[in-house]
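These notes concern the structure reproduced below.
The values are calculated or read from the model by the stated rules, or taken from the named source; none is laboratory data. Computed from a predicted model, the values in this text were never measured in an experiment. Please note: Cβ atoms are built from the backbone with ideal geometry, for glycine as well, and neighbour counts cover all protein chains shown. Areas reflect the complete protein model, heavy atoms only, side chains present, ligands, DNA and RNA absent. Shrake-Rupley method; radii C 1.70, N 1.55, O 1.52, S 1.80 Å.
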Amino acid sequence: MEIIAQNLKRIGIKHICYYNLGEPFLSNNILCELKEFRSHMPDITFSLSTNGVLLNTPAKYEAALMFDEIVFSIDGCDQQTTVKYQKGSNFELAYSNMKRLVELRNLREQTKPIIIWKYVVFNWNDKKKHLEKTLQLANEAKIDKVCFWGTYWPILGTSWRFLLARYWKKYPQDFRSRVVKIPTF
């Protein structure tokens, strides 16, 4: 990791993303990796995407608190809607880990990581009741943002309600997603 950190510094890398086709918290060494990068590049920014299930040790929470932004990909507002796409996931565990990270960040009076709930919208989790429950849960957990993402895959799961309906158009759109600032209930 030291050699990688030195090379990244040498070529001027400013941002490292821990995501895409893998779960960063599978690594039990993530805290050591981040410390190594920070020792060589204290101003580098880090972002991470996780399903939230493996954020399960004190060292991993410490690592999570070193990130600038963390996206929790939880594609539902309960167990039933989440596992339809994320096979084998555990909604309650992922949600409680996300909530716990917010609590730890706030307890330490940190402003980072910014915590985002990424919710991929399918035709089985796109009803108004799902949106409202998600926003309520995000508010209770004090999540910074919820990002609803439309998808065309799997094709039979496409939510035309999300992609075309007026209800969703009230939220600002950014590429394929609609970012919702968490309302206070």
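Side notes on the structure shown:
- Residue check for Trp160: modelled with pLDDT under 95 and open to solvent by 30 Å² or more (accessible area, probe 1.4 Å): yes
- Restricting the search to helices (runs of 4 or more DSSP H) fully inside segment 1-111 and requiring at least 2 residues that are on the phi < 0 side of the Ramachandran plot and modelled with pLDDT under 95 gives 2-11, 30-40, 79-85.
- When segment 5-28 is filtered for residues that are farther than 23 Å from Asp75 by Cβ, touching a residue at least 24 places away in the same chain (Cβ under 8 Å) and open to solvent by 30 Å² or more (accessible area, probe 1.4 Å), the ones remaining, listed by number, are Gln6, Leu8, Lys9, Ile13, Lys14, His15, Asn28.
- Filtered residue count, segment 103-147, keeping only those that are of a type outside the set (Asp, Glu) and closer than 21 Å to Lys87 by Cβ: 11
- Pairing residues of segment 142-165 that are farther than 27 Å from Glu69 by Cβ and outside any helix (DSSP H, G or I) with residues that are polar (S, T, N, Q) and modelled with pLDDT under 85, at Cβ distances under 9 Å and at least 6 apart in sequence or on separate chains, gives Thr158/Thr151.
- Residue match in segment 8-27 (condition: in contact with a His (Cβ under 9 Å, 6 or more places away or on another chain) and not aliphatic (A, V, I, L, M)): yes
- Selection of first residues in segment 84-95 that are more than 21 Å from Pro154 (Cβ to Cβ) and of second residues that are open to solvent by 70 Å² or more (accessible area, probe 1.4 Å) and of a type in the set (S, T, N, Q), restricted to Cβ pairs under 7 Å at least 6 apart or on distinct chains, gives the following pairs, ordered by first then second residue: Glu92/Gln79.
- Any hit, segment 56-75, residues being closer than 24 Å to Lys14 by Cβ, open to solvent by 20 Å² or more (accessible area, probe 1.4 Å), out of contact with any strand residue (DSSP E or B) (no Cβ under 7 Å at 6 or more places or on another chain) and not aliphatic (A, V, I, L, M): yes
- In the condition set (1) aliphatic (A, V, I, L, M); (2) open to solvent by less than 20 Å² (accessible area, probe 1.4 Å); (3) farther than 14 Å from Lys142 by Cβ; (4) within 16 Å of the chain's Cα centre (by Cα), Val102 is compliant with all but (3).
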